[in-house]
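Notes for the one structure printed next.
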Amino acid sequence: MVSKRIDRWIESTKWPAATLALLTLPITLVAIGNWLYASLSSPVYLVMFLAGLGLILFAARTSFASSAIIRTVFRLLHDTTQVVVATLSLHPVVAIRRKTDAPDLSRVRWLGKGNWVLLAAPYAFPLSTLLVWIPSIILFAPLRSAVLGFGLGLHWVYLAHHWRTGTSELRRLGGRFCWMFLPAVNLIVAGLIFAFAIGGFLGVGNFIVDWFSLPWDTWISVRTWLEPPLPSP
């Protein structure tokens, strides 16, 4: 079956992807720091983004985070992400169970064994940010920044909740892989979302260019520093 070949190929990229994510973590932190500095020229977007992010993080410290509404939202985000990724990787979804034997088991059932991308997708792709961003297009840019911050914060709360309680997907991925891959990838996603909140699609493009050019620029700076000075005439 084609899906089995896809699974074998994706599984072969698991540890290279985790290693690459870990190695690029400093690059991501520098790129985010550059954008935080650049956002000081448009502080209203930064303030609104942090306001939306802070609001959901504050709510997560209350009983609101454990309410039935939030648990339902988390389940829908998890199930929708897995359905989309399973379909893209040619694993037909055969059922979405209303409940499972254990609360930490996935409710989505697909044909085939699956792969690490399918298991990690709900914890790496912030579907909540996308869903709240689409209707926010009609809002003024500062309000849209707040909505993006809120959506990113909701994803972080979702990730922290499942990381703390543990799920069947995270156990199958393995603790070492999760620590190497998920924090690094979520920081990249956070940087892209923040860049969009500050500069729109152009900001996303500039963040990607910055991220890819940082290693080369750093190497040029180091090489220039190591080179002996030219003799004076």
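The values are calculated or read from the model by the stated rules, or taken from the named source; none is laboratory data. All values derive from a computational prediction rather than experimental measurement. Positions of Cβ are generated from backbone atoms using ideal geometry, with glycine treated the same way; all protein chains shown enter the neighbour counts.
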Every residue in segment 155-176 that is of a type in the set (Phe, Trp, Tyr) and either surrounded by fewer than 20 Cβ atoms within 10 Å (Cβ to Cβ) or free of Cβ contacts under 8 Å to residues at least 12 places away in the same chain (or both), please.
Trp156, Trp163
Which residues, counting only those in segment 60-69, are in a helix (DSSP H, G or I) and in contact (Cβ under 8 Å) with a residue 60 or more places away in the chain?
Ala65
Among the residues of segment 126-139, are any outside any helix (DSSP H, G or I), modelled with pLDDT under 80 and buried (at least 20 other Cβ atoms within 10 Å of the Cβ)?
no
Collect the residues in segment 140-153 that are closer than 14 Å to Leu55 by Cα and either hydroxyl-bearing (Ser, Thr, Tyr) or crowded, with 20+ Cβ neighbours inside 10 Å (or both), keeping them in residue-number order.
Ser145, Ala146, Val147, Leu148, Gly149, Phe150, Gly151, Leu152, Gly153
Being within 25 Å of Pro142 (Cα to Cα), of a type outside the set (Gly, Ala, Ser), assigned to a helix (DSSP H, G or I) and in contact with a Pro (Cβ under 9 Å, 6 or more places away or on another chain), is that true of even one residue in segment 19-42?
no
Of these, Trp179, Trp110, Trp116, which one is surrounded by fewer than 14 Cβ atoms within 10 Å (Cβ to Cβ), farther than 22 Å from Ile70 by Cβ and either among the β-branched types (Val, Ile, Thr) or out of contact with any Cys (no Cβ under 8 Å at 6 or more places or on another chain) (or both)?
Trp179
